1. Being in a helix (DSSP H, G or I), farther than 20 Å from Arg6 by Cβ and in contact (Cβ under 8 Å) with a residue 12 or more places away in the chain is true for just one of Ile29, Ile75, Ile95, Ile46. Which residue is that?
2. Run down Ser61, Ser83 and say which single residue is more than 18 Å from Asp18 (Cα to Cα) and either outside any loop (DSSP other than H, G, I, E, B) or of a type in the set (S, T, N, Q) (or both).
3. Could you pull out the residue among Gly13, Gly52 that is touching a residue at least 60 places away in the same chain (Cβ under 8 Å) and part of a helix (DSSP H, G or I)?
Amino acid sequence: MRRLSRDFNGLFGKVMADLIAEGQSDPSILKELYERHISHRRAATIADVERGKGAGEFAPSTDPELLIDAIIGPIYYRMLLRSAPLTERYVEDLIDLVLRGVRP
């Protein structure tokens, strides 16, 4: 997430924002972006959360997809709207806040 916040503050973030914006009028762009790039990372993260549940790092009731959305949604929000700086500190605070709700 730290690396993602750094990347979103550079050319990668601009390209992602442009693709998401373009995808609003051409949904095939969003589908392609999701299928080629996002879905693989998301599946790997879901597997990590499931392993964490098995190891007792997360509450057994933790929904991996909801957990991922709770963390990544605000990061994309700041990247897209530039409503406030997307900093590593913000990401760390966000993760700490979200994880409080899923720790056993």
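1. Values: Ile29 fails: in contact (Cβ under 8 Å) with a residue 12 or more places away in the chain; Ile75 fails: farther than 20 Å from Arg6 by Cβ; Ile95 fails: farther than 20 Å from Arg6 by Cβ.
Every option except Ile46 fails the conditions.
2. Details: Ser83 fails: more than 18 Å from Asp18 (Cα to Cα).
After applying the criteria, what remains is Ser61.
3. On the way: Gly52 fails: touching a residue at least 60 places away in the same chain (Cβ under 8 Å).
Of Gly13, Gly52, the one residue that is touching a residue at least 60 places away in the same chain (Cβ under 8 Å) and part of a helix (DSSP H, G or I) is Gly13.
No lab work stands behind these numbers, since they all come straight from the coordinates. These figures come from a predicted structure and were not determined experimentally. All Cβ positions, glycine included, derive from the backbone under ideal geometry; neighbour counts span all protein chains shown.
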